[in-house]
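The values are calculated or read from the model by the stated rules, or taken from the named source; none is laboratory data. Being a predicted model, the structure only gives us computed values, none of them experimental. Here the Cβ positions follow ideal geometry from the backbone for every residue, glycine too, while neighbour counts run over all protein chains shown. Surface areas here come from the heavy atoms of the whole protein model, side chains and all, with no ligands, DNA or RNA. Shrake-Rupley method; radii C 1.70, N 1.55, O 1.52, S 1.80 Å.
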Amino acid sequence: MVQRRIRVDKLYTPMHVLHDAVLVVDNGKVIGLEEGGSFDIDYRGYSAAPGLVDTHTHGCGGVEVTLIKTVAELGKLAECYARFGVTSFLPTTVSAPHETLINVANVVRQYKGNEVKGARVLGLNLEGPYINPKRKGAQNPSAIRLPNINEFNQYYEASGGLIRIMTIAPEVEGALSLIQHLSSIGVIASIGHTDANYETVMKAITLGASRATHLFDAMTGIHHRELGAAMALLDSEDVYIELITDLIHLRPETILFSIRYAGLHRVLAITDSISAAGLGEGEYELGGLRVIVKGGRATLPDGTLAGSVLTMDNALRNLVKIGLRINDALRLTSTNPAQSIGEHNIGCLKPGCLADFIVLDDALRIMATYVNGTIVYTSEI
């Protein structure tokens, strides 16, 4: 690949900001940052930032992850995310029958390593089926079952070892044994859809759980006499915290409280988006359940929130809207999600990082998306 020099008004690393900056890219990597100097791609009037990373998303543009059957469908999904500034993502399933999860795992394995035409697929995230039916949220109760290490191993093998995260309710029978197994093979056990108390979650964290699946949603909360899962997860320095920042699942004050309590380094934004993301109002499906999208909310017919129609660029803008600096909002939407799954060469713009970046206007709208230094989406500039 020919070396490229991209000029922007501002460049977010994201920890630092360079002005009148030139981003130097070669062979898919960032090899230099300069203030001033020659350039061959001119984005003056705009800013550059690390590409957004969505580690918990169930769909986009009419494609539902759980129902994916072909590499082409996963490719379509990757292209959809790129429109919204996402350069890497973890396709995320909901609780589903055994063969359905095997099929998705097979598709992810077959797709990984293919030429990138959109956002990079980082692996697979399984949200269930080993959760508590009492806290099922919008998951299909008929697909929820007890943890089974042998069954999980079949998913892991089908994925080619690409399962990165699995959500588990630690109080259900067999969960703690599975959490230890996941930790031993490098899969992140995430606590979610749980009715567990503070002590049970703390035990799970001691055994290797290191993530909170959409904190506060579908879990025991914080009460002054009965501390629940949310408090245990916030209390644990070795746990990453997911927040759905659509300003529907969580009040702005709850988001800001979580950041203050846990610290910027532990919190990450997710979309928890369903296939309706990027589309309009109407009726959709999630894990075999009917979902109605209206007024920006995705719900089951009984009003239960069913994921979201949030996109990561809106997640970024929402964080800035409620008071975060752009640098910090980018940490939550790019750097922290990447680091939470051990990816240290994405979510950053400095020498040695992959050349995954976005071009933003002053309203933080996506003007262009680059993956490995190659443009995969462009708006009208």
May I ask you to rank HIS214, HIS223 by accessible area, largest first, using a 1.4 Å probe over the protein chains only?
HIS223, HIS214
Kindly rank 297-305, 342-350, 54-62 from highest to lowest mean number of other beta carbons found within 10 Å of each residue.
54-62, 342-350, 297-305
Cα gyration tensor of the stretch 1-77 diagonalised, 5x eigenvalues square-rooted, in angstrom largest first, produces semi-axes 33, 15, 11
Where the eigenvalues come from the Cα gyration tensor of the stretch 1-152, what are the semi-axes √(5λ) of the equivalent ellipsoid, largest first, in whole Å?
39, 16, 12
Gyration tensor (alpha-carbon) shape descriptor, the stretch 224-381, a/c threshold 1.5:
oblate
Computed over the Cα atoms of the stretch 338-381, what is the convex hull's projected area averaged over all directions, in nm²?
3.8
Length-normalised contact order of the chain in % [C-alpha pairs under 8 Å, at least 6 apart]
21
I'd like the antiparallel share, as a percent to the nearest 5, of DSSP beta bridges with both residues in the stretch 32-168.
15
Among the GluC sites (Glu not before Pro) within the stretch 35-117, which fall in a DSSP loop and have no more than 10 other Cβ atoms within 10 Å of their own Cβ?
GLU115
Beta carbons within 10 angstrom, averaged per residue: use that to sort the peptides 87-96, 240-249, 273-282, highest first.
87-96, 240-249, 273-282
Computed over the stretch 261-345, Kirkwood Rh from alpha-carbon pairs, angstrom:
14.2
Treating the angle as unsigned and between 0 and 90°, give the value, to the nearest 10°, between the Cα long axis of helix 175-185 and the longest Cα principal axis of the chain.
40
Heavy-atom accessible area per residue - the chain, 1.4 Å, Å²
38
State the antiparallel share, in %, of DSSP beta bridges confined to the chain, rounding to the nearest 5.
55
Ignoring ligands and nucleic acids, ARG7 exposes an accessible area, probe 1.4 Å, in Å² to the nearest 10, of 40
P(r) of the stretch 243-288 in 5 Å steps, Cα pairs, percent per bin?
4, 19, 22, 20, 12, 11, 9, 3
Burial ranking of peptide ranges 40-46, 370-376 (average Cβ count within 10 Å, highest at the top):
370-376, 40-46
Using a Debye calculation, one point per C-alpha and no hydration shell, please list log10 I(q)/I(0) for the stretch 196-290 at q = 0.10, 0.12, 0.19 Å⁻¹ in order.
-0.31, -0.44, -0.92
C-alpha long axis of helix 71-82 to longest principal axis of the chain, angle in °:
60
Give me the distance between the Cα centres of the stretch 145-212 and the stretch 82-136, rounded to whole Å.
16
Just the number, please: carbon plus sulfur as a percent of the accessible area of the stretch 1-80, 1.4 Å probe, no ligands or DNA/RNA counted.
49
In nm², what is the average projected area of the convex hull enclosing the Cα atoms of the stretch 69-144?
5.3
Provide the descending list of Cα extents for the chain along its principal axes, expressed in whole angstroms.
62, 46, 42
Net charge within 14 Å of VAL8 by Cβ-Cβ distance, Lys/Arg positive one each and Asp/Glu negative one each, not counting VAL8 itself?
-3
Taking the alpha-carbon set of the stretch 81-204, what are its Rg and Dmax in Å?
14.8, 46
